[in-house]
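To keep things clear, I will list the structure first and then write my remarks on it.
Just so it is clear, none of the values below were taken in a lab; they were calculated from the coordinates. Everything numeric here is computed off the predicted structure, so don't read it as measured data. Reconstructed Cβ throughout: ideal geometry from the backbone, glycine too, with neighbour counts over all protein chains shown.
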Amino acid sequence: MRVALFITCLADQFYAEAGVAAVKLLRALGVEVDFPQGQTCCGQPAFNAGYWDEARPLAKRTLEVFEEAEYVVLPSGSCTSMVKNHYPELLPGNREALAMAEKTYELSQFLVRVLGVEKLGEGLKGRKVAYHHGCHALRELGVREEPLLLLQNAGAEVLPWEAGEECCGFGGLFSVKLPEVSLAMADRKLATLPKAEVLTSTDAGCLLHLAGRLGKKGENLRVAPLATLLWEAYAG
Amino acid sequence: MRAKAKLYPKEAARLLREKPGVREAVTGATLHFERNRLKAYAEVPIEAWRERAKAVKDHVLSHLDRYLELAERRLRENGVQVHWAETPEDAHRVLREVVQRHGVKRAVKAKSMLTEELGVNPLLEALGVEVYETDLGEYLIQLLGEPPSHIVGPAIHLSLEEIQRLFHQRFGTPLDAPPEALAQVARNVLREAFLTAELGISGANFLVAETGTLALMENEGNIRLSTSLPRVHVAFVGIEKLLPRFSDLALFLPLTARAATGQRLATFVSLIQGPAKEGEEGPEEVHVVLVDNGRTTLLADPEAWETLRCLRCGACLNACPVYRQTGGHPYGYVYSGPIGAVLDPGLLSLEEAYPLPYASTLCGACLEACPVKIPIPKLLLTWRHRAVAEGLTPSWEKGAMRAFRKVMESPALYRLFSKGLRGLPLPQDLLPLLRAWTEGRGPLKPSPKPFHELWKEVERGG
């Protein structure tokens, strides 16, 4: 089986380790991994802000970049949903968009639903993890159980979090167009954060926003992308 | 109501800065509503209910002309006087005529968002009529001169202390008077108003076409009194409020209650079938004003008509993490929260309401809560796209988006940008964005090397 990794621009720039972890993990599970060199951004920031004319060429070129791939895997729920749900809306009648939607998966979703892997190893034994459900993974892709299953089966204790399924306030451009509201949302989310050793999520944007806010408050919690923890689950 | 939706970003920021208590009060109240809704949804086959309700509403909206005519006929047969109001001015004319003909000096009002849209209170005051909002929350904000901040709980942004202070100034109650004592004071004032008002004004949750029945839901009994004690009752009904059959109420009354407050049914449901007949008690005259005010334009909009399914339950407000930070006031128009963000551009104009569709992270919680499955996130995207197409977005943003596209269209430029992020000066257009980010979150810390550079090492290693 061959997978093309779509790193996504945010993870590429801010959580490069998620890409390294995803590649190692997929290879360890017997999957060949490609990294198509032409990839940049899926176009979501422009699409969500209403700039569809700016988003459309980015969607089209992404379709070309991944045309040959058997599967496309992303360490991001939001960008996966952009490809799976919104490319067909943005490019109505485009067959390649439908084809790419079919073969594109968020990493944990791919592991559980395509590879049928539910246990990666025991590398997270006794680790206390706070899992932030990224909204697009949760509500647009229906990825709720997959990350929890993989974390728990590796021995992690995923702590109950009252606001675990609430939006963190990132929202892409929202975070800079309405920064006060965005920060108030992060503060509400973090005010209910359980005492964990690590905070994780599928999405780099959410993590960047929450990590920034934690740092600003002088809190020193480890923030790591889900892919990194899943590799640790495997490798110990 | 005059719309100030354009000011949303500034007003939201100002409220968070200057009135932190509002955030606390609104978060507490909406989370409470939200928990109750989730429990109430879980008790029933909610997916089937929502699908059914959506289908009924879509059916009505697709045959609205027919159902409106049927409703008008039935209402008239029931002895109700029916008026059509395309604009707020049309509605004002009807009300002015009623007030003048009956020499109305005092009116009691049941809570109604449509009357906020129409500016009924300012009109009545201009006509010299003393108006009493009789829903307790509405009464509080009327005393304060504020608009409602929530569709169902208009005063959820107030703390107990604020209400105690208000009543102390107004009625001389002690500053530490318990809520029951304050409610008693309001009750005394409102009882007197109910008994002396010549005119009762209400909205309606539903209007059943086949029977001409108005259905109103409430928990305080004030709607029952407002619509039955005064000699004249005027109900303002949005044309989207129609249900085809009486039996549809069996679904819509409990569904709306569960969505709005998590109740199985509202404490009071009034079904109004026209004026009092010989030997009955009740109003001598009942008027129904069927109001358009932008609704037919919205109905004709192939991408936005689904908004008209809205039951005004407020479930999307309670579910919305953006709304929860500020309550409804910064939105600057009658309808706030997710539904306001997609309804207001339709009822006003996009130019007047354009920041509202951006008052969302597209988290999708509203869609999960909505009892009639209005695709709010999709509608938000539609309005945003239109805002851009109409040139309403700021020029720095347009510039940033053009730059973004240029960079992302070219892997070479993207790699250059990637290097720039790690040392070189950034494109000017992106600077305001950067500042808005770093102020609350500290400097951006890119990975030492982007993944596309690490790939070569990983590839070799594999």
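Here are a few things to note about the model shown:
- Counted residue by residue at 0.36 nm each, then reduced by the alpha carbon distance between them, the extension gain from A:Gln37 to A:Lys216 reaches 60.9 nm.
- Calculated P(r) tail over 22 Å for the range A:2-114, as whole % of Cα pairs: 25
- Between B:Thr196 and B:Arg66, full extension at 0.36 nm per residue minus the direct alpha carbon distance yields a gain of 42.9 nm.
- Theoretical ellipticity at 222 nm over chain A - DSSP helices of four or more residues, -39500 (n - 2.57) apiece, nearest 500: -12500 deg cm²/dmol
- Dipole magnitude for chain B: computed about the Cα centre from +1 point charges on Lys and Arg Cβ and -1 point charges on Asp and Glu Cβ, it is near 1920 debye.
- Cα coordinate range in the range B:261-302, projected on the principal axes (Å, largest first): 49, 32, 11
- Unsatisfied cross-links (Cα-Cα over 31 Å) in the set A:Lys60/A:Lys189; A:Lys217/B:Lys10; A:Lys125/B:Lys373: A:Lys60/A:Lys189; A:Lys125/B:Lys373
- Which of B:Leu290, B:Ser226, B:Leu166, positive extreme of dipole for the range B:155-293 (C-beta unit charges): B:Leu166
- Positive dipole terminus of the protein assembly as shown, leading residue within B:Ala436, B:Pro330, B:Ala257 (C-beta point charges): B:Ala436
- The phi-based Karplus calculation (6.51 cos²θ - 1.76 cosθ + 1.60; θ = phi - 60°) puts the 3J(HN,Hα) values of the range B:67-80 at 5, 5, 5, 5, 4, 4, 4, 5, 4, 5, 4, 7, x, 8 Hz, whole numbers, x for Gly and Pro.
- Long-range amide H partners of A:Val33 with built H, under 5 Å: A:Val3
- Averaged over the residues of peptide A:215-224, the number of Cβ atoms from other protein chains lying within 10 Å of each residue's Cβ is 1.
- Only DSSP H runs of four or more residues enter the estimate; each adds -39500 (n - 2.57), and after division by the residues of chain B the mean residue ellipticity at 222 nm equals -16000 deg cm²/dmol.
- Using the Cβ-Cβ distance between B:Leu7 and B:Phe268 with R0 set to 60 Å, the FRET efficiency works out to roughly 0.95.
- With semi-axes defined as the square roots of five times the eigenvalues of the C-alpha gyration tensor, the equivalent ellipsoid of the range B:315-460 measures 36, 18, 15 Å, largest first.
- Candidates A:Ala22, A:Ala163, A:Ala101, ranked by Gaussian network fluctuation over chain A, Cα under 10 Å, top entry: A:Ala163
- Least to most buried among A:Ser108, B:Ser247, A:Ser78 (fewest other Cβ within 10 Å first): B:Ser247, A:Ser108, A:Ser78
- Rg to Rh, two decimals, where the protein assembly as shown supplies the alpha carbon set and Rh follows Kirkwood: 1.02
- For the peptide A:51-58, the mean number of other protein chain Cβ atoms found within 10 angstrom of a residue's Cβ is 6.
- Computed about the Cα centre, the dipole magnitude for the protein assembly as shown is approximately 1460 debye when only Lys and Arg (+1) and Asp and Glu (-1) carry charge, each at its Cβ.
- Taking the number of Cβ atoms within 10 Å of each Cβ as an exposure proxy, the fewest-first ranking of B:Trp305, A:Trp231, B:Trp84, B:Trp455 is B:Trp84, B:Trp305, B:Trp455, A:Trp231.
- Rounded FRET efficiency, nearest 0.05, which uses the C-beta distance separating A:Glu162 from B:Asn36 and R0 of 25 Å: 0.95
- For chain A, the orientation-averaged shadow of the C-alpha convex hull comes to 11.7 nm² (one quarter of the hull surface).
- Leading residue at positive end of dipole, the range A:128-235 (Cβ point charges), from A:Leu151, A:Thr192, A:Val129: A:Thr192
- Applying the Karplus relation 6.51 cos²θ - 1.76 cosθ + 1.60 with θ = phi - 60° to the range A:110-126 yields 3J(HN,Hα) values of 5, 4, 7, 8, 9, 7, x, 8, 10, 10, 9, x, 10, x, 10, 3, x Hz, where x marks Gly and Pro.
- The range B:24-29 - phi-based ³J(HN,Hα) in whole Hz, Karplus 6.51/-1.76/1.60, Gly and Pro as x: 5, 5, 5, 4, x, 5
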